[in-house]
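The values are calculated or read from the model by the stated rules, or taken from the named source; none is laboratory data. This one's a predicted model, so the numbers in the text were calculated from it and none came from an experiment. For neighbour counting, all protein chains shown are included, and Cβ atoms are generated from backbone atoms with ideal geometry for every residue, glycine included. With ligands, DNA and RNA removed, areas are computed over all heavy atoms of the protein, side chains included. Shrake-Rupley method; radii C 1.70, N 1.55, O 1.52, S 1.80 Å.
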Amino acid sequence: MLLAKDRLNELLDHLSTEARVYVPARIETQTRFALYSDTVKPNFKLVNTELPPKDILFPQTQNMYRYGFDAEGVPFIDPIHDADDVVIFGARSCDVRSIECMDDVFLTKGYVDEFYEPRRSRLLLVAMACNTVAESCFCDSMSLDPNSAPAADIQMSEGDQAFEVTALNEKGEAALAAWSSYLTEGSIEHAAVSCELKVEMTGIKEKLDHMFEHPIWESVSKKCLNCGTCTFVCPTCHCFDISQENRMKIGERFRSWDSCMFSCYTEMAGHHNPRAEKMPRVRQRFLHKLCFFEDRYGKSLCVGCGRCVADCPVALDITVLIDQIGAAELTEGAVHDA
């Protein structure tokens, strides 16, 4: 099916009457997935937005509960759930995979996060195939395809005059049926693209299983500032802290993004900190991305979006590290199972 480009805004106008619709856009000096409106239009020329759509499902600050005493002095706890219908329109393959990773964390292994699940269950995820790639993109080295995102509900590909739209599951089929008045029969020619930046991932995870004490981590961590930029622009980082604010007899608990790069992240009661130094924090980040997450969920936590590559202020490049790991020798004194 085809969606003519001159009918795109008409469709988005319609969708925004029924759901919160987020599109890739430039807002002042920053690119991100923004709420569609008369003044916010989609920009599919953006290969990747500077900020991922992660905060739509997992807000940077999210209210969780209100608690306190009512007028009669009876204690109460009220969970705060907001679950409007949401459409993420135009997500790239890397960001679709990142949502798969977030689903693993918040919805599997016997745990369902009561704040993530209502948003996720009411999400329509519309992927957009890449027409071009950035210098920092390397998703196809991480077993992704920039031309398709099978985990999305709808796949779109951009042509000169129209977008080709394809339903990938029942939710997508229902959506396209509802969009039928905006669609016509047909297909387009979409030239497949691939990333110029390549890394060889074969054997990296297995090698990292035995590199916990390898000197590579001390070398890599020297220039890291522990600023946390990589974790905040990453579409899959999901660390958070829980805090509360009390006012008289009423309080509110909320969670906010945190970062394993911060020294206080692992500080415990009594000020014990198992990662007080910079090197263990850097090691933890990369081992989690490339090794530990795969142990638990069967996939890499790095999706090859390249945001950390582009934004790290000291150019601590994960693709360079992967090459260094591949070339590293496992000497007897450096080998220790993670």
Just checking, does segment 250-258 include any residue being surrounded by fewer than 20 Cβ atoms within 10 Å (Cβ to Cβ) and free of Cβ contacts under 8 Å to residues at least 60 places away in the same chain?
yes
Contact list, first residue from segment 135-151 and outside the structural domain of Glu50 (by TED's automatic domain parsing), second anywhere and among the aliphatic types (A, V, I, L, M), beta-carbon distance below 6 Å, six or more apart or interchain, is none
For segment 25-42 the number of residues that are open to solvent by less than 50 Å² (accessible area, probe 1.4 Å) and either within 17 Å of the chain's Cα centre (by Cα) or closer than 22 Å to Pro146 by Cα (or both) is 5
Those residues of segment 43-63 which are of a type in the set (Val, Ile, Thr) and either out of contact with any Leu (no Cβ under 9 Å at 6 or more places or on another chain) or open to solvent by 30 Å² or more (accessible area, probe 1.4 Å) (or both) amount to Val47, Thr49, Thr61
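Hey, among Ser187, Ser243, which residue is in a loop (DSSP other than H, G, I, E, B) and either at pLDDT below 95 or in the same structural domain as Ala127 (by TED's automatic domain parsing) (or both)?
Of the residues listed, the single one that is in a loop (DSSP other than H, G, I, E, B) and either at pLDDT below 95 or in the same structural domain as Ala127 (by TED's automatic domain parsing) (or both) is Ser187.
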Open item on the list: Please verify whether Leu290 is outside any helix (DSSP H, G or I), within 19 Å of Cys237 (Cβ to Cβ) and in contact with a Cys (Cβ under 7 Å, 6 or more places away or on another chain), treating the condition exactly as stated.
Closed with: no
Restricting segment 72-104 to residues that are among the acidic types (Asp, Glu), in a loop (DSSP other than H, G, I, E, B) and in contact (Cβ under 8 Å) with a residue 60 or more places away in the chain, the one least open to solvent (accessible area, probe 1.4 Å) turns out to be Asp85
Out of (1) more than 17 Å from the chain's Cα centre (by Cα); (2) among the β-branched types (Val, Ile, Thr); (3) crowded, with 16+ Cβ neighbours inside 10 Å, the one Thr202 does not meet is (3)
